[in-house]
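Structure, as structure tokens:
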Amino acid sequence: QVQLVESGGGLVQAGGSLRLSCAASGSIFSINVMGWYRQAPGKQRELVARIYSGGITNYGDSVKGRFTISRDNAKNTVYLQMNSLKPEDTAVYSCNIFANLRDYWGKGTQVTVSS
């Protein structure tokens, strides 16, 4: 069984920063991709950022230049540094990993950006 534990969400003013963390534990043989998705009320879930085992990263267009994803392979942990936050970044952010040939999801953490 694989578990993902997210932390770092909260309330912040526009222009502020937050750092999300997601630690994976359990029977993990290899993690190919680690990433973050978000879903705002009434909207579809969208990719925020993901990072491959070799270090290649992808970002959603709306966060490029403001968010940075990184990972610590030794700790099976992925981080999302979010800077210059905007009210439209408000959403539930969920951690996702592709490991053991399948997807795993965290429960999500709320990020609220006030104007």
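State which residue is surrounded by the fewest Cβ atoms within 10 Å (Cβ to Cβ) when the search covers only region 61-115 and only residues that are assigned to a helix (DSSP H, G or I) and free of Cβ contacts under 8 Å to residues at least 60 places away in the same chain. Don't jump to the end; show me each part of the working.
Filtering region 61-115 down to residues assigned to a helix (DSSP H, G or I) leaves 73-75, 87-89.
Retained after the next criterion (residues that are free of Cβ contacts under 8 Å to residues at least 60 places away in the same chain): 73-75, 88-89.
On the way: N73: 12, A74: 6, K75: 11, E88: 11, D89: 22.
Selected residue: A74.
For region 63-94, a tally of residues being of a type outside the set (V, I, T) and either within 13 Å of L47 (Cβ to Cβ) or within 13 Å of the chain's Cα centre (by Cα) (or both) returns 12. Within region 15-39, restricting attention to residues that are at pLDDT below 95 and either outside any strand (DSSP E or B) or within 12 Å of the chain's Cα centre (by Cα) (or both), the residue that is nearest to F98 (Cα to Cα) is S30.
The values are calculated or read from the model by the stated rules, or taken from the named source; none is laboratory data. Quick caveat, the model's predicted, so the values are computed rather than measured. In this analysis, Cβ positions are derived from the backbone assuming ideal geometry, glycine residues included, and neighbour counts consider all displayed protein chains.
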